[in-house]
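Colleague: First the structure, which I've put down as structure tokens, then a few questions once you've had a look.
What follows is calculated from the coordinates using simple rules that are stated; it is not laboratory data. These numbers were taken from a predicted model, which means no experiment stands behind them. Neighbour counts run over all protein chains shown; Cβ positions are idealised from the backbone, glycine included.
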Amino acid sequence: MHTPPTLPGNLLTMRIFIFLLLLAAATPTLACSITGYRPFVINRLAKPELKAVPEPSIERINFVAGLTDAGSCDGVGQISVEVKLEGVRRSRLRNYGYLIRPISGVNDVQLFDPRPVAGYSADGRSAVVTYVWTGITPDADGHVRWKLGLHAVDRSGRLSPQTVLCVATDNSCTLQEAVKPGR
């Protein structure tokens, strides 16, 4: 199994995040405004494709639990996951949404929308799924250690097999744990 790197994250996502951080630092009187995600529309009347929904393979993960000393953006965190779907043509990527479900370690399960979200594609080969939040509850030792399940979702609402990903602020996720199929 190919184990993708977890850093440095998606370049476009990082540039946007850095720009917003610089903007917040330069003008502390402005409210922090970071856009998170768009909902993915499921049409229960849509015909499912003949093939099963492909399991997502993860190319990169960018995880920031919460910013500190960021002016009005203090406490803002985000996770961006760059995903590929084997066998899905570029023109069909927009027909899939993504669902992230907490498996373990998440103290604030409401951070993750129970509905699928739309990914965005900068290169046409992969989709980036992003969640943004403010204020999370870390573990008692101050760290965040999450195991999350990622599913691709087609327009008819069918789910792919789950891919498990691990993110942590203390580097406790091994490369083998960072991304693995969740059967």
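Colleague: Could you work out the local net charge near TRP133, counting Lys and Arg as +1, Asp and Glu as -1, over the other residues with Cβ closer than 12 Å to its Cβ?
Modeller: So the environment of TRP133 carries a net charge of -2.
Colleague: Let me ask you something else. Expressed in nm², what is the orientationally averaged projection area of the convex hull enclosing the Cα positions of segment 59-181?
Modeller: 8.2 nm²
Colleague: Simple spin-label model, 7 Å along Cα-to-Cβ: ASP123 to ILE103 in nm?
Modeller: That separation, rounded to one decimal, is 2.5 nm.
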